[in-house]
1. State the number of residues belonging to the range 84-114 that are touching a Phe, Trp or Tyr at 6+ places or on another chain (Cβ under 7 Å) and of a type in the set (D, E, K, R).
2. Closer than 24 Å to Ile165 by Cβ, among the β-branched types (Val, Ile, Thr), part of a loop (DSSP other than H, G, I, E, B) and open to solvent by 40 Å² or more (accessible area, probe 1.4 Å) - does that describe any residue in the range 48-55?
3. Is at least one residue of the range 115-125 assigned to a helix (DSSP H, G or I), more than 13 Å from Asp37 (Cβ to Cβ) and at pLDDT below 95?
4. Go through the range 112-147 and give me each residue that's among the basic types (Lys, Arg) and within 20 Å of Lys84 (Cβ to Cβ).
5. Quick check: is even one residue across the range 84-101 surrounded by 19 or more Cβ atoms within 10 Å (Cβ to Cβ), among the polar types (S, T, N, Q) and under 24 Å from Arg159 (Cα atoms)?
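The values are calculated or read from the model by the stated rules, or taken from the named source; none is laboratory data. Keep in mind that this is a model prediction, so the values were computed, not measured. All Cβ positions, glycine included, derive from the backbone under ideal geometry; neighbour counts span all protein chains shown. For the accessible areas, the whole protein counts, side chains as well, though only heavy atoms, and no ligand, DNA or RNA atoms are used. Shrake-Rupley method; radii C 1.70, N 1.55, O 1.52, S 1.80 Å.
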Amino acid sequence: LLLIVEDEVSLAAELKQVVKEAAQLLVREFADACVIDLVDPETEDKVTRLAVVHRDPRMQDTARALERIVLEHRQPHLASESLKTRKTTLFRRVTPASIGALTQTPEHRRLVEKFAPKSAITSPLLARGLLLGAITFVSTDETHLFDKADEPFAEEIARRLALAIDNA
């Protein structure tokens, strides 16, 4: 899977398409949903949601709506801790309270609740020491909760994706 994602990312020409294709591969094999956020280099206080992909085709409208949300970098959101610390963040169990704490508007909360996340893991996208963004993997299955054993794989995917983004 790592080689497939790396090949898929390095072959595509347009950044958004590259990222979306990588996310689609990951939701087939590793997660139920994948969110890829980039740090906006112009404002440095915005996070641009580059791709949101869900395994369930019925969730595509929700995924597109989540892509359009602009996040405030300094306010809490699912990737904020990883963006701040540049380390992987594990949300072993996502609860209604944590959804409330990690969403910035009522609409953002409604959309995240519709995804019904049970667990998540976020890794920063780092290339040449630069923070490019973060990738979040979401499980909507109560029987598949991410744990510490998933961190090395998430970090390797993030490393390869960051290099591809940096080279694009």
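1. 1
2. No, the range 48-55 contains no residue that is closer than 24 Å to Ile165 by Cβ, among the β-branched types (Val, Ile, Thr), part of a loop (DSSP other than H, G, I, E, B) and open to solvent by 40 Å² or more (accessible area, probe 1.4 Å).
3. Applying the first criterion (assigned to a helix (DSSP H, G or I)) to the range 115-125 yields 115.
Filter once more, so that each one left must be more than 13 Å from Asp37 (Cβ to Cβ): 115.
Restricting the remaining residues to those that are at pLDDT below 95 gives 115.
Yes, that holds for at least one residue.
4. Filtering the range 112-147 for residues among the basic types (Lys, Arg) gives 114, 118, 128.
Once the filter is applied, which keeps residues that are among the basic types (Lys, Arg) and within 20 Å of Lys84 (Cβ to Cβ), the range 112-147 yields only Arg128.
5. Checking the range 84-101: at least one residue is surrounded by 19 or more Cβ atoms within 10 Å (Cβ to Cβ), among the polar types (S, T, N, Q) and under 24 Å from Arg159 (Cα atoms).
For (1) under 14 Å from Ile36 (Cα atoms); (2) assigned to a loop (DSSP other than H, G, I, E, B), each residue gets a yes or a no:
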site: Leu83; (1), (2): yes, no
site: Lys87; (1), (2): no, yes
site: Leu90; (1), (2): no, no
site: Gln104; (1), (2): no, yes
site: Glu107; (1), (2): no, no
site: Glu113; (1), (2): no, no
site: Val138; (1), (2): yes, no
site: Ile165; (1), (2): yes, no
